[in-house]
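Read through the structure below, which is laid out as C-alpha cells, and then see the notes.
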Amino acid sequence: MLRNISDYSTDTPLDDDSLFERIACGIEAEGYVILPTALPHQVADSLLHYLSLLEEERFHLARIGRGLDQTKNAFIRRDKIYWMENSHPNAAAWFDWTTRLKRYLNRRLFLGLFSFESHFALYTPGDFYKKHLDAFRGESNRVLTLVTYLNKGWEPDQGGELVLYAPDEGAEITKVVPTFGTLVIFLSEEFPHEVLAADRDRYSVAGWFRINGSINHQIDPPR
C-alpha cells in the first residue's frame, strides 16, 4: 500500500528521546520509519560541514557485495562513496547521535545492535542504484539501515527519490524526496529499495547498525 510520508512528518524539532521513541515505534509497527527533516540541526549541519571539506576526488565508485566479493557494476549502481572517519571532528556529533540511538533501540526493541558504519554517497545527474537489499537473510550482520540527506533546497521535480518496496509482494510503499535532514530507517534484510536518477548532484549519508558477527574471538570488521 502506498503511504503518504506526511503521516510521519515532524513539524517541530523533537528531543532525542522523543525522536528515538518515534523511530522505535515505526520499526516495531511497520519495520521502517520515514521522518522528514527530523535529524537534529546540529548533527545535520556538522555532516554538511564535513562534506564541504571533502574533495570530490576522494569519493570512489561504489561496489556491490562485501569483502573479497566486491565488484563494480554500472548497470546496478553508479554512485560514488566516501567512508566516514570516526575520528574526524565533524563526524563526532553524528557518531554520538547514532550511538545513543543504538543504545535506545537495544533497550526498547532488544535488537542486539553492536556497531555502526556509514559513508557519504554522491549521485551526480543521471546516477542511480537499482532495486536491492542491504542484507540477505542469514548471510549478513547488517540489521538496520539508516539514511539521511544533505541536499538543501531540493525540489520534488528534481528526482533522486528513494523508493521503498514491501518485503514480500514487492509493491511500492513510498517514494522519499531527498530533502535536507530527512531520516529513513528500515530493517536491512526486509525492505528492497532503489535510488532514482536526479537532475542535480544528490548527497546522502547511508549507515548500518550491525550485530556482532565475531568468530573465534576475532571482531567482525565493518564493510
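The values are calculated or read from the model by the stated rules, or taken from the named source; none is laboratory data. Because the structure is a prediction, the values reported are computed rather than measured. Cβ coordinates were reconstructed from backbone atoms using ideal geometry, including for glycine residues, and neighbour counts include every protein chain displayed. Note: accessible area is taken over every heavy atom of the protein model, side chains too, but ligands, DNA and RNA are not part of it. Shrake-Rupley method; radii C 1.70, N 1.55, O 1.52, S 1.80 Å.
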### Task
Check K175 against each of (1) at pLDDT below 95; (2) within 15 Å of the chain's Cα centre (by Cα); (3) farther than 22 Å from E85 by Cβ and name the one condition it does not meet.
(1)
#### Entry: Filter result for A91 (closer than 27 Å to A198 by Cα, touching a helix residue (DSSP H, G or I) at 6+ places or on another chain (Cβ under 9 Å) and among the aliphatic types (A, V, I, L, M))
yes
### Task
Output the number of residues of segment 101-132 satisfying the condition of being more than 26 Å from R58 (Cα to Cα) and crowded, with 17+ Cβ neighbours inside 10 Å.
7
#### Entry: Close pairs (9 angstrom Cβ cut-off, 6 or more residues apart or separate chains): touching a residue at least 40 places away in the same chain (Cβ under 8 Å) and at negative phi in segment 92-108, part of a helix (DSSP H, G or I) and open to solvent by 70 Å² or more (accessible area, probe 1.4 Å) anywhere
A93/Q42; A93/D45; W97/Q42; Y104/D17; R108/E28
### Message
Residues that are open to solvent by 50 Å² or more (accessible area, probe 1.4 Å), modelled with pLDDT of 90 or more and part of a loop (DSSP other than H, G, I, E, B): does segment 67-75 have at least one?
### Response
no
### Query
Of all residues in segment 174-190, how many are open to solvent by 10 Å² or more (accessible area, probe 1.4 Å) and not polar (S, T, N, Q)?
6
### Query
Which of the residues that make up segment 1-21 are closer than 16 Å to K102 by Cβ and modelled with pLDDT of 95 or more?
L19, F20, E21
